[in-house]
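Remarks on the structure that follows.
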2 protein chains.
Amino acid sequence: MKKIQVYDTTLRDGAQGEGVSFSAGGKLRVAQRLDEFGMDYIEGGYAGSNEKDTRFFREIRGEHLKHAKVVAFGNTRRARTRVAADTWVRSLVQAQTPVVCVVGKTWLLHVRDVLRTTPRENLAMISDTVRFLKDAGREVFFDAEHFFDGYRKDNAYAMDAIEAAVEAGADAVVLCDSTGGCLTHEVGEIVRKVAQASSVRLGFHGHNDMGLAVANTLEAVRAGVTQVQGTVNGYGERCGNADLCSVVPSLRFRMGCRCVKDEQIARLRELSLFVDDMANARHDPRAPYVGRSAFTHKGGAHADAVRKNPRSYEHLNPRLVGNDRRILVSELSGGSNVLLKAIELGAGQKESAEGAAEILKALKDLEHKGYSFEAADASFRILIQKALKKHKSFFDLEGFRVIVEKRGRNEPCLSEATIKVRVKDEIAQTVAEGDGPVNALDGALRGALARFYPEIAQVALTDFHVSILDPEEATAATTRVLIESGDGQDTWRTIGVSPNIIEASWQALVDSVEYKLFREEEAAKRKPRRHKAAGRARRGAR
Amino acid sequence: MKKIQVYDTTLRDGAQGEGVSFSAGGKLRVAQRLDEFGMDYIEGGYAGSNEKDTRFFREIRGEHLKHAKVVAFGNTRRARTRVAADTWVRSLVQAQTPVVCVVGKTWLLHVRDVLRTTPRENLAMISDTVRFLKDAGREVFFDAEHFFDGYRKDNAYAMDAIEAAVEAGADAVVLCDSTGGCLTHEVGEIVRKVAQASSVRLGFHGHNDMGLAVANTLEAVRAGVTQVQGTVNGYGERCGNADLCSVVPSLRFRMGCRCVKDEQIARLRELSLFVDDMANARHDPRAPYVGRSAFTHKGGAHADAVRKNPRSYEHLNPRLVGNDRRILVSELSGGSNVLLKAIELGAGQKESAEGAAEILKALKDLEHKGYSFEAADASFRILIQKALKKHKSFFDLEGFRVIVEKRGRNEPCLSEATIKVRVKDEIAQTVAEGDGPVNALDGALRGALARFYPEIAQVALTDFHVSILDPEEATAATTRVLIESGDGQDTWRTIGVSPNIIEASWQALVDSVEYKLFREEEAAKRKPRRHKAAGRARRGAR
């Protein structure tokens, strides 16, 4: 099995992506997680370019990494500058990483128009810089920027640039498709030629401007490279870099390469979500292997086929990458799908079959209004109960009032919610303040119910999403709120939809609370004996 | 130049994607737009599977399409059923489209485990169905589902299935990578073999489960197919289908094929955004060619290089696909980038240079709090004014109060906002109701300012986005609100950030209003003469 080095540049090239931003502490946590996952190299930042990256290189030295080597990225020396005096090169040394990756030009257009120097001086810049860093004791990779564009225009010069790095002692040469403009078969042809001409270890670094970064990376491996560069979730400038969450499992499971260990690939989805969180980026539900939708079946016929044989519409067992198969409820799904989902959620087989028509009708009405139960299992369970006329309201709302007030341009906004609920014949009325109106309302509702249902105290809201369904309606647009709640054992998701964000949030809050209470009641019904037995045992132990 | 047929299945396979949903009217509008763009075939839906698709086929018959042919998609007949009596096949005929696409099995695993019939009966099902539909006068495409998986397991049977369709008169055979599990070079190899063995027109239909759908489609064209199937924005089950927004420009500009006309490709981004809107899907900013970030430069060095020569980091002129180059403001950009942006936004060159340090400092402070000016030009312009101590508040806020009230579980939520502002020495106090709290607040603010600044009446909010920065904080999470406003001539974007969604919205509203007033003032200063002249002319005309 061919061993492929995995080189992660999430923290450098990835961080240049629009909408991606890591805090300094976040970079450190991501590096630790990448190490744990089994990346061979972690590029931590652009040496000397900003305070955050400098701080990262300083702090990572104090961390114990199990496997990965940290890499500082930087430029070759400036034109007509002594290498030892060049601040860029000095920053690379000052980063004190075991590995450095030096980016240099191999395309004459860049030498002429961007560096504004001569082809010959550019070769000297590469060679001087690599040699200086080798002398400083570093493992040195030469990043041949724009290699494919350069090679297609003037292959002799592109090869000269590589040769300059190799002669100066570079440990690997990374062929970069920096504009992402290279077709897959072109990558294969050019890499094959370079591999024949040179015996240095080759890497590939691809961008996604034509949607080909992953394909180009896999093709480069077939053609002879043994190092792949990319980012978690494909972050990066413009359309992003090659997504390692796609590259790694394909290398391993489809091409039989040795790279990251299987037990770590089984945590790939977790890695993807963690990095999204740390980067403040939105999870791409359609991402290959790791996306929430990657093994999700919506069409009735497909869902049916997958039930008969998972391989029929799955190229891979989702567990291998830490993902799950999901069957969705939607207008495209027939009654059998809705039934299946209802049963999966715990409704009885018989009652579901009898009420299927009512459930479908209620579902369609609500979907028409903008509800979407694909990500709101708990609200869907309550919808089933309501459609079957089995829903029990755990409380009545007498009313609530939320006030948000600001008493001057620079004064803080204050939020206060009052609520009055009735449980059986008792009234509870509470008031709560909060960081915002929904937070205040949540506090007031829990406060009012606490006396009757102490188990509500276990519930915490763990996620909150707001989407605007018809943004062109601006502030009058319909708002969809999704809330995730957890009680330490389970998590569940609920939804609310309204032109009023407070009303939408309220619906999702009520569903969340009622789902919890409903589940507790079900659990109590199912195992009354064990509860009693446990009670006796406890008494006996006293 | 090789002519490639473009077959769009956004309305069928695309609609099966999670989070994608078209209304019946929406499907019709999308079909018209796809026709205008120049798609050769538009697959409208799954014949007979649901009311929405049936309605689409009925209504599209009344529409005049300029170029595209509408296709109904459906199954081969059931096993052991007479083709003329089969309801699936009858639905295909009843759709009354000029073209039908019949999906059949070519992989024995599916024949056995999903259809639960014999290999021989499956061939008869394909052949009977194709012949019946040809006899009904249709152009017939045979969709060879799972062809690549089938071919790799038993190439003889897969070829027999194709042969059955061809002998029965199929006009084209579409080779499908239905699970998206085929590597790019495998697609090339297999397509080449089929193209050698058969003279029928071949198509390719690929899924993106390994992130290879676009690469596989382009490779299939190189290997001999002359029809590409895909969806706008890559919608589709699981990880989606081949994205036509990537495939079409690469075919045209990188592979020199003839397909959609250049003047239509120049509207590709517009098509992508339109379809996202109609599908209620979120725009992918990183989408190749059409994404908001596709030609966006964030890193200081890259931005600098692009200024010197656009080709240095752009594989294509963004205008060819209706996109734009953008330079972003961010922590990674140096002072020169911020200056550039400030000047682009209309701040003077001199004042910007002098205040660069203050601007950068203010920018970093706010970015640290969660602000992001990449999509909020108007707020960034105001930030510059504030950093240069040149900001003028057009009003003082004495205070506002927003009340949201609900008086029972099934009662509607009422929203009311009161506001008190001071302009010079005058006080205005107004109240407004709204669909939600932000809508009410917006109404109250405009009401209060109308007397002093009648031009505010021209401003409409045209877009509203809410994102939660740290969703795990749930309802106490920081909220970022982005508002787009327009006055019929310009549009501008503003931002607000706070744990309180009302406060965040308020900030964005205030920036929007002040930006408008500031611009009006600037305009008045720049052309006082023309204004006076216009005034005289008007008086003269009376």
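The values are calculated or read from the model by the stated rules, or taken from the named source; none is laboratory data. Only a predicted model underlies this, so the values are computations on that prediction, with no experimental measurement involved. In this analysis, Cβ positions are derived from the backbone assuming ideal geometry, glycine residues included, and neighbour counts consider all displayed protein chains.
Among B:61, B:112, B:152, B:120, which is within 26 Å of residue B:36 (Cβ to Cβ) and without any contact (Cβ under 8 Å) to a residue 60 or more places away in the chain?
Values: B:112 fails: within 26 Å of residue B:36 (Cβ to Cβ); B:152 fails: within 26 Å of residue B:36 (Cβ to Cβ); B:120 fails: within 26 Å of residue B:36 (Cβ to Cβ).
Answer to the selection: B:61.
Sort through A:83, A:70 and tell me the only one that's hydrophobic (A, V, I, L, M, F, W, C), free of Cβ contacts under 8 Å to residues at least 40 places away in the same chain, in contact with a helix residue (DSSP H, G or I) (Cβ under 7 Å, 6 or more places away or on another chain) and over 30 Å from residue B:292 (Cβ atoms). Please lay out each step first, then the result.
Values: A:83 fails: free of Cβ contacts under 8 Å to residues at least 40 places away in the same chain.
The conditions single out A:70.
Restricting attention to the range A:89-116, which residues are part of a helix (DSSP H, G or I) and among the basic types (Lys, Arg)? Give the derivation first.
Kept after step one, since they are part of a helix (DSSP H, G or I), are these residues of the range A:89-116: A:89-94, A:108-115.
If the condition is that a residue be part of a helix (DSSP H, G or I) and among the basic types (Lys, Arg), then A:90, A:112 are the ones that fit.
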*Which pairs have Cβ atoms under 6 Å, sit 6 or more apart or on different chains, and link a residue in the range B:433-444 that is facing chain A (nearest Cβ under 8 Å) to one that is surrounded by fewer than 24 Cβ atoms within 10 Å (Cβ to Cβ)?*
B:434/B:443; B:435/A:476; B:435/A:499; B:436/A:499; B:439/A:476; B:442/B:509
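Which members of the range B:382-431 meet the condition of being among the polar types (S, T, N, Q) and within 14 Å of chain A (Cβ to nearest Cβ)?
Pass one, the range B:382-431, residues among the polar types (S, T, N, Q): B:385, B:393, B:410, B:415, B:418, B:429-430.
Within the range B:382-431, B:393, B:410, B:415, B:418, B:429 qualify.
Looking at the structure I just gave you, is residue A:206 more than 8 Å from chain B (Cβ to nearest Cβ), in a strand (DSSP E or B) and touching a residue at least 12 places away in the same chain (Cβ under 8 Å)?
Details: more than 8 Å from chain B (Cβ to nearest Cβ): yes; in a strand (DSSP E or B): yes; touching a residue at least 12 places away in the same chain (Cβ under 8 Å): yes.
Answer is yes for this residue.
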_Positions within the range B:117-151 being in a helix (DSSP H, G or I) and small (Gly, Ala, Ser), in sequence order_ = B:124, B:127, B:150
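Could you list all residues from the range A:261-277 that are under 9 Å from the mean Cα position of the chain (by Cα) and among the aliphatic types (A, V, I, L, M)?
Restricting attention to the range A:261-277, the residues satisfying the condition of being under 9 Å from the mean Cα position of the chain (by Cα) are A:269-277.
Within the range A:261-277, A:271, A:273, A:275 qualify.
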*Does residue B:142 meet the test of being more than 14 Å from every other protein chain (Cβ to nearest Cβ) and either of a type in the set (Gly, Ala, Ser) or in contact (Cβ under 8 Å) with a residue 12 or more places away in the chain (or both)?*
yes
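Picking from B:157, B:151, which residue would you name as being surrounded by fewer than 20 Cβ atoms within 10 Å (Cβ to Cβ) and under 24 Å from residue A:314 (Cβ atoms)? If you could, list the steps in order and put the result at the bottom.
Details: B:151 fails: surrounded by fewer than 20 Cβ atoms within 10 Å (Cβ to Cβ).
Matching residue, one of B:157, B:151: B:157.
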_For a quick check of your reading of the model, give me the residue pairs whose first member lies in the range B:1-22 and is under 17 Å from residue A:368 (Cα atoms), whose second is among the aromatic types (Phe, Trp, Tyr) and at pLDDT 90 or above, with beta-carbon atoms closer than 6 Å and at least 6 apart or on different chains._
B:20/B:235
*Out of all the residues in the range B:89-116, which are more than 18 Å from residue B:132 (Cβ to Cβ) and out of contact with any strand residue (DSSP E or B) (no Cβ under 8 Å at 6 or more places or on another chain)?*
B:108, B:109, B:112, B:113, B:116
*asked:* I need a count of the residues in the range A:165-178 that are surrounded by 19 or more Cβ atoms within 10 Å (Cβ to Cβ), under 12 Å from residue A:200 (Cβ atoms) and touching a helix residue (DSSP H, G or I) at 6+ places or on another chain (Cβ under 7 Å).
replied: 5
*Return yes or no: is residue B:43 modelled with pLDDT under 95 and among the acidic types (Asp, Glu)?*
no
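Does residue A:369 satisfy being in contact with an Asp or Glu (Cβ under 9 Å, 6 or more places away or on another chain), exposed (fewer than 14 other Cβ atoms within 10 Å of the Cβ) and modelled with pLDDT under 85?
Values: in contact with an Asp or Glu (Cβ under 9 Å, 6 or more places away or on another chain): no; exposed (fewer than 14 other Cβ atoms within 10 Å of the Cβ): yes; modelled with pLDDT under 85: yes.
No.
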_Of all residues being surrounded by fewer than 21 Cβ atoms within 10 Å (Cβ to Cβ) and within 28 Å of residue B:37 (Cβ to Cβ) in the range B:196-222, which is nearest to the chain's Cα centre (by Cα)? Just the residue, please._
B:222
*asked:* Of everything in the range B:91-131, what is under 12 Å from residue B:72 (Cα atoms) and either aliphatic (A, V, I, L, M) or surrounded by fewer than 18 Cβ atoms within 10 Å (Cβ to Cβ) (or both)? Give them in sequence order.
replied: B:92, B:93, B:94, B:95, B:96, B:98, B:99, B:100, B:102, B:103
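I need a count of the residues in the range B:1-45 that are within 13 Å of chain A (Cβ to nearest Cβ) and not in a loop (DSSP other than H, G, I, E, B).
Summing the residues that are within 13 Å of chain A (Cβ to nearest Cβ) and not in a loop (DSSP other than H, G, I, E, B) in the range B:1-45 gives 8.
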*asked:* Condition first: at pLDDT below 90 and among the hydroxyl-bearing types (Ser, Thr, Tyr). Now tell me which residues in the range A:453-501 satisfy that.
replied: A:462, A:467, A:475, A:478, A:479, A:485, A:491
*Could you tell me whether any residue of the range B:79-88 is buried (at least 24 other Cβ atoms within 10 Å of the Cβ), part of a loop (DSSP other than H, G, I, E, B) and touching a Ser or Thr at 6+ places or on another chain (Cβ under 9 Å)?*
no
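Just checking, how many residues over the range A:269-285 are in contact with a helix residue (DSSP H, G or I) (Cβ under 8 Å, 6 or more places away or on another chain), surrounded by fewer than 24 Cβ atoms within 10 Å (Cβ to Cβ) and either closer than 27 Å to residue A:1 by Cα or at pLDDT 95 or above (or both)?
The initial filter retains those residues of the range A:269-285 that are in contact with a helix residue (DSSP H, G or I) (Cβ under 8 Å, 6 or more places away or on another chain), namely A:269, A:271-272, A:274-279, A:281-284.
Those left that are additionally surrounded by fewer than 24 Cβ atoms within 10 Å (Cβ to Cβ): A:269, A:274, A:276-278, A:281-284.
From what's left, either closer than 27 Å to residue A:1 by Cα or at pLDDT 95 or above (or both): A:269.
Matching residues across the range A:269-285 total 1.
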*asked:* Go through the range B:353-405 and report how many residues are touching a residue at least 40 places away in the same chain (Cβ under 8 Å) and small (Gly, Ala, Ser).
replied: 7
